[in-house]
Amino acid sequence: MEVQSIKDSNRKWGRIVPLLMLLATAILAPVIQAADEPLIMGVFPRRNAAETAKLFTPMAVYLGERLGREVKLVTSKNFDSFWKAVTEQRYDIVHYNQYQYIRSAKTYKVIAHTQEFGKNAVAGALFVRKDSGITEVSQLRGRTVIFGGGKDAMLAYIAPRYLLMQAGLKEGDFKTEIAINPQNALVALYYKQADAAGGGEVVLDQPVIKNAINAQELRLLAATEPMLFLPWAVKRTMLATLADAIQLILLDLKNSEAGRQVLKSAIMTGMGKAGDRDYDPHRKMTTAVFGPEGTAK
């Protein structure tokens, strides 16, 4: 009887063990699959999709190699589709402007900021022609101001609007035109299609501007305080160890030849550490321009 009982028990466990293994595999499969899934990196459409892919693919490859996990760059055809992806949290890693970060800070955590032209921060500014006779921002009342981007452009729209407000000019006190980017806004100003142009303080020094127009005929009218450059953020739900690893890789780019080539490809000169409080000055300015909700209508 004992022998038969042992045989029956063995047969029973022989059926149960494979079932337990199958159950364990089913439970662990999503975890294993999730670990193998690529991290999605989104970059805001500051430039067209093809150029964005060319500039930031080396960054995605570099991150993937050092994380031991694929990082997939996803581009957007326009700001609306990009912002929709941000609100739906489709990106694990995202590079965007300061205003976009402020709006998504509940779901994304800033870990770094770009350094461009050797600077960590840049002022928003208003430019005029030297022969315009305009020496004060208040003189723009009733005149045309062309902004170098839409209402979500921190340096090219929000900051110049803030400067106008500081001079006592509210929306309706001047005529508004919108250019695709700050470079186009300055070109329009140069050809007298507007009386003033809004953009980042550094835009006047960019090679594309110097090659397109005689930049010596334009001058800075007013500028805000320097504000930290464009942020890099990760999902707040991301494991802290992974977020820390991404941050360390980005901050270390300038310390190796391979990393410097990645920065050069993305037209950056470095990366700096950033935290949420670093964007409080941007919040203050955004609230002043758009009201308590701090969002463009």
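Applying 1/(1 + (r/R0)^6) with r as the Cβ-Cβ distance of Ser138 and Lys84 and R0 = 35 angstrom yields a FRET efficiency of 0.35. Under 5 Å between amide hydrogens, built in the peptide plane, is the criterion, and for Gly270 it picks out Gln115 among residues at least 5 positions away or on other chains.
If you model the chain as an ellipsoid using its alpha carbon gyration tensor, with each semi-axis the square root of five times an eigenvalue, the axes come out at 52, 20, 15 Å, biggest first.
Only Lys, Arg, Asp and Glu carry charge here, each on its Cβ (+1 for the first two, -1 for the last two); on that basis the chain has a dipole of about 320 debye about its Cα centre. Here Lys254 is the anchor, and the lysines within straight C-alpha reach of less than 26 Å, apart from those fewer than 8 places off in the same chain, are Lys54, Lys72, Lys109, Lys119, Lys235, Lys264, Lys273. For the chain, the antiparallel share of DSSP beta bridges with both residues in that region comes to about 65%. Peptides 166-179, 62-75 ranked from most to least packed by the mean count of surrounding Cβ atoms within 10 Å: 62-75, 166-179. Between Asp173 and Asn255, residue separation times 0.36 nm minus the direct Cα-Cα distance comes to 24.6 nm.
Net charge in the neighbourhood of Val208 (other residues with Cβ under 15 Å of its Cβ; Lys, Arg +1, Asp, Glu -1) is 0. Evaluated at q = 0.17, 0.19, 0.24 Å⁻¹, the base-10 log of the normalised Debye intensity for the range 257-297, with identical point scatterers placed on the Cα atoms, takes the values -0.64, -0.67, -0.75. The Cβ shell under 14 Å around Ser265 holds other residues with a net charge of +2, Lys and Arg each +1, Asp and Glu each -1. The simple spin-label model puts a point 7 Å past each Cα toward its Cβ; for Thr241 and Ala121 those points are separated by 3.6 nm. For the pair the range 257-290 / the range 87-157, the C-alpha centres are spaced 11 Å from each other.
With a simple spin-label model that places each label point 7 Å from the Cα along the Cα-to-Cβ direction, the separation between Arg69 and Lys264 comes to 3.1 nm. When the charge dipole of the range 96-215 is built from unit charges on Cβ atoms (+1 for Lys and Arg, -1 for Asp and Glu) and taken about the Cα centre, the candidate among Ala153, Ala188, Val122 whose Cα reaches farthest toward its positive end is Ala153.
Values quoted throughout were computed directly from the atomic coordinates according to the rules given, and no laboratory measurement underlies them. In this text, all values refer to a predicted model and were calculated from it rather than measured experimentally. Heads up, the Cβs are rebuilt from the backbone with ideal geometry, glycines too, and the neighbour counts pull from every protein chain shown.
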